[in-house]
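Right, one structure below, let's go through it.
The values are calculated or read from the model by the stated rules, or taken from the named source; none is laboratory data. Keep in mind it's a predicted model, so treat the numbers as computed, not measured. Because the Cβ atoms are built from the backbone with ideal geometry, glycine has one as well, and the counts that use them run over all protein chains shown.
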Amino acid sequence: MLKRILWLFVVLAVAAATVATVFYFRVNAPYRGYTAPGLYLEIPQGSGSMTIGERLVAAGVVRDMVTYRIALYLSGRARHLQAGEYRFEHAMTPFQVIDKIARGDVIVITVTFPEGLSIAEMSRIFESHHLGKAAAFVAAARDPGLIRELDPAATDLEGYLFPDTYPLSLRVDAPQLIRLMVARFMHAFPADLRQKAAERNLSVRQAVTLASIVEKETGRADERPLVAAVYVNRLRIGMPLQCDPTIIYALQRAGTYTGDLKREDLALNSPYNTYRFPGLPPGPIASPGRASLEAAVNPSTAEYIYFVSRNDGSHAFAKTLDEHNKNVYEFQVKYFRDRRAAKAAAAGASEETGRQ
């Protein structure tokens, strides 16, 4: 009888050791039960550890629930598993899978919003990254509540969506992204810059509006304070800003902009037409970057009133209308006349070569 009992214990011990050995290898062996090159798996918010395990097993990421339970217990990370969308591409041990989810190593895409874009233009970037419809982005940006304390007059978030590169989860929606962009604006336009704006008798809205104009007029860092100075000087002497980007913005809002600003557009009856209406336009026309925000509240002390493009990304600045007219002739009239002449000469030479 005693021998039978001892034999039974031996058998049970061997069986237990065999099972332990099997599961030891299973929890430490890489596994890949899906055939696709890559597998996307979403873990919904609020999912418990067992629900997560069931999803992993069903997707072929982990072999079975017993293996998952053992690995989870041994890892001690049951309370650290995070919701999100994950991508699996190769065989992984259960420990590696659990570690990935515990770290929240979710799929991240980077979305870049360049400086100088309007809400409408940003919405198209949002949609192009398959984060949602452009209309959803525009709708979320219509709520000015996020900047109400800074700008009580705001009717939307134009100018307050900070241009930057954002690492985003595929699960982010338009309202979440909008909140993130406004928070980034708050960081880029902190209390010290707002104080400098106040010292210049500029409200936050006026400072951001001026910064948005600077952003649209030049992409050169060294010119931003000079462009800001031109508009500050025009405001000081009561001269209309005469800023083309503000008219273009008005035309875009009306859906009538064709890509070319025509002479008749200068008569547009819009408060954004800074040729007809003095002072700053009603609000920002784009989202300015940090450098333009700084230039708006720290403009150059130069006495320039005019500037014109040199057609190479830079501008020629002038203090008097006479100087400005000379610059216009040099960089606009003569420049384009010479280009047309050179083009015509090249075409003539080509025809002559063809006849020979």
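Observations
- Of all residues in region 85-143, those that are under 26 Å from Thr209 (Cβ atoms) and either of a type in the set (Val, Ile, Thr) or in the same structural domain as Arg32 (by TED's automatic domain parsing) (or both) total 5.
- Single unsatisfied condition, Phe336 versus (1) aromatic (Phe, Trp, Tyr); (2) without any contact (Cβ under 8 Å) to a residue 12 or more places away in the chain; (3) surrounded by 13 or more Cβ atoms within 10 Å (Cβ to Cβ): (3)
- Residue in region 164-173 that is out of contact with any Cys (no Cβ under 8 Å at 6 or more places or on another chain), over 24 Å from Ala83 (Cβ atoms) and among the basic types (Lys, Arg) present: no
- Residue in region 76-88 that is in a loop (DSSP other than H, G, I, E, B), crowded, with 18+ Cβ neighbours inside 10 Å and not aromatic (Phe, Trp, Tyr) present: yes
- Counting only helices (runs of 4 or more DSSP H) that fall entirely inside region 230-340 and contain at least 3 residues that are under 27 Å from Ala188 (Cα atoms), the qualifying elements are 244-254, 290-297.
- Top-ranked residue in region 70-112 [being among the aromatic types (Phe, Trp, Tyr) and in contact with a strand residue (DSSP E or B) (Cβ under 6 Å, 6 or more places away or on another chain); ranked as nearest to Arg171 (Cα to Cα)]: Tyr86
- Note on region 93-116: residues that are among the hydrophobic types (A, V, I, L, M, F, W, C) and surrounded by fewer than 18 Cβ atoms within 10 Å (Cβ to Cβ) total 6.
- So Ile52, is it at pLDDT 95 or above, surrounded by 17 or more Cβ atoms within 10 Å (Cβ to Cβ) and within 19 Å of Leu170 (Cβ to Cβ): yes
- Scanning region 200-229 for residues being part of a helix (DSSP H, G or I) and either of a type in the set (S, T, N, Q) or closer than 16 Å to Ala291 by Cβ (or both) gives a total of 18.
- Being among the basic types (Lys, Arg) and touching a Ser or Thr at 6+ places or on another chain (Cβ under 9 Å) is a condition met by at least one residue of region 243-264.
- Screening region 240-286 for residues that are in contact with an Asp or Glu (Cβ under 8 Å, 6 or more places away or on another chain) and touching a residue at least 40 places away in the same chain (Cβ under 8 Å) and picking the one that is farthest from Ala211 (Cα to Cα) gives Pro245.
- Counted as qualifying within region 94-179 are the helices (runs of 4 or more DSSP H) with 3 or more residues that are in contact with a Lys or Arg (Cβ under 8 Å, 6 or more places away or on another chain), namely 94-102.
- Taken over region 278-295, residues that are hydrophobic (A, V, I, L, M, F, W, C) and over 12 Å from Glu223 (Cα atoms) amount to 4.
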